[in-house]
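Novice: Dropping the structure in here first, questions after.
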Protein chains: 2
Amino acid sequence: MSSIHQVPPRSWQTLQSLETPAAIIDVPRMRRNIQRMQSRMDNLGVRFRPHVKTSKCVDVARAQMQAGASGITVSTLKEAACFFEAGVTDILYAVAMVERKLPAALALRRRGCDLKIVTDCVTSARAIAAFGAQFGETFEVWIEVDTDGHRSGIRPDAPALLEVARVIHDGGATLGGVMTHAGSSYDFDTPDALAAIAEQERAGCVLAATRLRDAGLPCPVVSVGSTPTALAAVHLDGVTEVRAGVYVFFDLVMHNVGVCTTDDLALSVLTTVIGHQPDKGWAIVDAGWMAMSRDRGTQKQKHDFGYGQVCRIDGSPVAGYRLEGANQEHGILAREGDPDDNIVGRFPIGTLLRVMPNHACATGAQFPEYHALDPERDIAVWPRLHGW
Amino acid sequence: MSSIHQVPPRSWQTLQSLETPAAIIDVPRMRRNIQRMQSRMDNLGVRFRPHVKTSKCVDVARAQMQAGASGITVSTLKEAACFFEAGVTDILYAVAMVERKLPAALALRRRGCDLKIVTDCVTSARAIAAFGAQFGETFEVWIEVDTDGHRSGIRPDAPALLEVARVIHDGGATLGGVMTHAGSSYDFDTPDALAAIAEQERAGCVLAATRLRDAGLPCPVVSVGSTPTALAAVHLDGVTEVRAGVYVFFDLVMHNVGVCTTDDLALSVLTTVIGHQPDKGWAIVDAGWMAMSRDRGTQKQKHDFGYGQVCRIDGSPVAGYRLEGANQEHGILAREGDPDDNIVGRFPIGTLLRVMPNHACATGAQFPEYHALDPERDIAVWPRLHGW
């Protein structure tokens, strides 16, 4: 119960005025998460480029930049356009570029956005170089490196790395560096395993950079990151920047990975109890999967939180109570294990609760805006980007 | 391949102009689905009240109304407001009303919306009656009946049914009828089992209505429905109206339930191949879970489609290929079973594909708008409601 006192009771009471379901950001927790990551990156001697795909929110990104972030990472070109309009110029679009998206990238660069793009194949590298030559634009291209086999990228020791690099470099584009994302770090949950995957991510990306430089090619940037590896890395020798996204809010998946406690979770869904099935020990709430998302990321982890951990309106967890099931606009709240025979008395009709999500990126995406809860201010509405 | 000829090639070609990912509605299929359900309801002698939570789109609802629907069902009060502004007045808000949402319901009724609300408990029934008395508004209230134990509602034989009915009726509100939703019908996949759950839904709701009438209480409406039960019911004696939502698009879950074929699926996600991992037999596409949703509804069904069935740009399935995994903006396309050693040749960089979703309601929700593909028209943009 200690952490809840950072937000005084009058702020919780203002939650009473909101429609439910609503996505609530605990601003002091968010700022603490931002500061924790930025300090760690400062101490490790690397730049930090937060991934804004988690929040898709200019107000959140602004807090990250003010804390010392160097540019941002985006997952869509719509995010790039939105954050560029909000004043961010140093932007990495971290999904492999294809020919049909080059006109949108060109338009952003011509408006003054310092957009970096990535590739992991010769076909797209050639398309980027040719398109740049055709339109007189020198794209900055980073090569995506695969350090854990979970998704995209070229393996650090593969011949294709040099081949792609030469196509970029010789084709007149700027070879900006190498980047990797060890997304499989989400699968681990011990400090040793996390440190090992962080080292694997670092070493693989540095190897790729070394191979490029040894071949006489430029590689100024060596960019790595995921929230677990960023928080677990023992050192980052040879790395120039780190990227991470979900650390800004954290979530139950990250709690199970072991890089945060529930006291760090800055995003929750405000919900109202709308009914009961007393015989089953169920309370029905108005946060179904449309509010929580269908993400069941804790299902295979050490603790399955169902569709979310139930909390009091002050944000403190009600131990053992979770959303056990979800329909579109109905959440089924139940106690783990034996049914609660006092579910009606414990959660009467109309009770306001908050639910911590499995996956902050997915839950946030269900809402057009966040409600930012800050003890020093009225609740603020922070818009969130939707779509492509 | 036969069904694809309903949309001539020039319309597929116009898909080339769209950004990806995009949510595509095959309008002829949608109209056929609407006609199929409406004809069935007409033949069974009941009114039909489509649930617009699937599409959350005025253009889709308009097609349903033009085909003969009598009013609509909504899952949020924001939907009610949106569709009322678009000209629909007969609206059922099918999620249990609570006191704190009554001002929004009152505002809608005062603007002329014939909004019906539902309850399944004495506490909320009293709150509705008291609020109505205080503000001089006679709310029309339907009682939610639980015919399959999957979520909310009062069991048809429970004493609480009459208690709640009397609170509504004696409290000065209009007791409009009873409604139920046998959502557990999604768990079955044989005609006999579907007919049985449909009969259970019908009989339970009619029993509830009979008990009210026997007690001297009014019960003009007897409302049942889900897509599987609506399509499986042998007769609907005693029922006055049916509700269903997902039939308008259908999806892979409904395909597994057995109430449609893939030729009926009217919603798909247009996506671009952006990379490969040839050693693993993977193509990477730009439809990740942000586009497909995290819904894995086919996981426990007779055929697991992963995050979706891969189709050619004309909408025809590429048998055996599915999205096996998904990150936020990356989908991992693979063949079921053995890896495809010709994945690069089969799906070159830049290839446009369409992916059929597990759950149309969840996938649609990821997009701010649909792109409606109609052979007789240019592609139209149909906005979709987001949030609460």
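Every number here is computed from the coordinates shown, using simple stated rules; none is lab data. Every value quoted in this text rests on a predicted model; they were computed, and no experiment measured them. Here the Cβ is made from the backbone with ideal geometry for all residues, glycine too, and neighbour counts use every protein chain on show.
Novice: Please check which bits of segment B:239-281 a label hung off residue B:369 would reach, taking the label as a point 7 Å along Cα-to-C-beta and the cut-off as backbone N under 18 Å.
Specialist: The answer is B:268-271, whose backbone nitrogens lie closer than 18 Å to the label point.
Novice: Between residue A:214 and residue A:36, what is the FRET efficiency for a Förster distance of 30 Å, r being their Cβ-Cβ separation, to the nearest 0.05?
Specialist: 0.25
Novice: Sort shortest first the distances from residue B:122 to its counterpart in every other copy, using label points 7 Å along the Cα-to-beta-carbon line, and give them in nm.
Specialist: 7.8
Novice: Which of A:258, A:288, A:320 moves the most in a Gaussian network model of chain A with Cα springs under 10 Å?
Specialist: Of A:258, A:288, A:320, the Gaussian network model singles out A:320 as fluctuating most.
Novice: On a C-alpha basis, how far is the centre of segment A:24-47 from the centre of segment B:322-379 in Å? Whole number, if you could?
Specialist: A separation of 36 Å, based on Cα centres.
Novice: Separate question: For residue B:370, enumerate residues with amide H under 5 Å from its amide H, sequence gap 5+ or separate chain, H modeled in the peptide plane.
Specialist: HN-HN under 5 Å from residue B:370: B:382, B:384.
Novice: Once whole DSSP H runs in chain A are found, which of them have Cα atoms spread over 27 Å or more along the helix axis and a mean Kyte-Doolittle score of at least -0.5? Could you put the intermediate results ahead of the total?
Specialist: Numbers: long enough: A:191-214 (34 Å, 0.06).
Going by DSSP H runs, the hits are A:191-214.
Novice: I need the shape label for segment B:295-376. Rule: rounded when a/c is under 1.5, else prolate if a/b > b/c, else oblate, with a, b, c from the alpha carbon gyration tensor.
Specialist: Cα axes put segment B:295-376 in the oblate bin.
Novice: While we're here: When the label point is put 7 Å from the Cα of residue A:174 along its Cα-to-beta-carbon vector, which residues of segment A:89-118 have a backbone N closer than 15 Å?
Specialist: Answer for this model: A:89-93, A:106, A:108-118.
Novice: How much net charge surrounds residue B:68 when only other residues with a Cβ under 14 Å from its Cβ are counted (Lys, Arg +1; Asp, Glu -1)?
Specialist: +3
Novice: If you don't mind, another one. Looking down the axis that turns B into A, which residue of B has the closest beta carbon, and how many Å out?
Specialist: Nearest-to-axis residue on chain B, with distance in whole Å, is B:294, 2.
Novice: Related question: So what is the calculated 222 nm ellipticity per residue for chain A, using -39500 (n - 2.57) for each DSSP H run with n of 4 or more, over all residues, to the nearest 500 deg cm²/dmol?
Specialist: Here the helix-only value at 222 nm equals -9500 deg cm²/dmol.
Novice: Can you list the HN-Hα couplings for segment A:234-245, worked out from phi with the Karplus curve (6.51, -1.76, 1.60; θ = phi - 60°), rounded to whole Hz and with x for Gly and Pro?
Specialist: Here the 3J(HN,Hα) series is 7, 8, 10, 4, x, 8, 9, 8, 10, 10, 7, x Hz.
Novice: If I model a spin label at residue A:316 and residue B:126 as a point 7 Å from the Cα along the Cα→Cβ vector, what separation in nanometres do I get?
Specialist: According to this spin-label approximation, the distance is 2.9 nm.
Novice: How far, in nm to one decimal, is residue A:378 from itself in the other copies if the label point is set 7 angstrom along Cα toward Cβ? Shortest first, please.
Specialist: Output for residue A:378: 4.3 nm, nearest copy listed first.
Novice: How many nm is it between the label spots at residue B:299 and residue B:85, if each spot is 7 Å from the Cα in line with the beta carbon?
Specialist: With each label placed 7 Å out from Cα toward Cβ, I get 3.7 nm.
Novice: Would you pull out the residues with amide H under 5 Å of residue B:92's amide H, same chain only if 5 or more places away, H placed 1.01 Å from N?
Specialist: B:72, B:73, B:74, B:116
Novice: Which value in nm describes the separation of the simple spin-label points at residue B:341 and residue A:66, placed 7 Å from the Cα toward the beta carbon?
Specialist: 5.9
Novice: With θ set to phi - 60°, apply the Karplus curve 6.51 cos²θ - 1.76 cosθ + 1.60 along segment B:332-342 and write out the HN-Hα couplings as whole Hz, x wherever there is a Gly or Pro.
Specialist: So the Karplus estimates, Gly and Pro as x, are 9, 8, 8, 7, 5, x, 5, x, 7, 7, 10 Hz.
Novice: List the residues whose amide H sits under 5 Å from the amide H of residue A:245, counting only those 5 or more places along or on another chain, with H placed 1.01 Å from N in the peptide plane.
Specialist: Hits under the 5 Å cutoff: A:51, A:227.
Novice: Something else about it: Quick one: label points 7 angstrom along Cα→Cβ at residue A:238, distances to the other copies in nm, smallest first?
Specialist: For residue A:238, the other copies' label points sit at 7.5 nm, shortest first.
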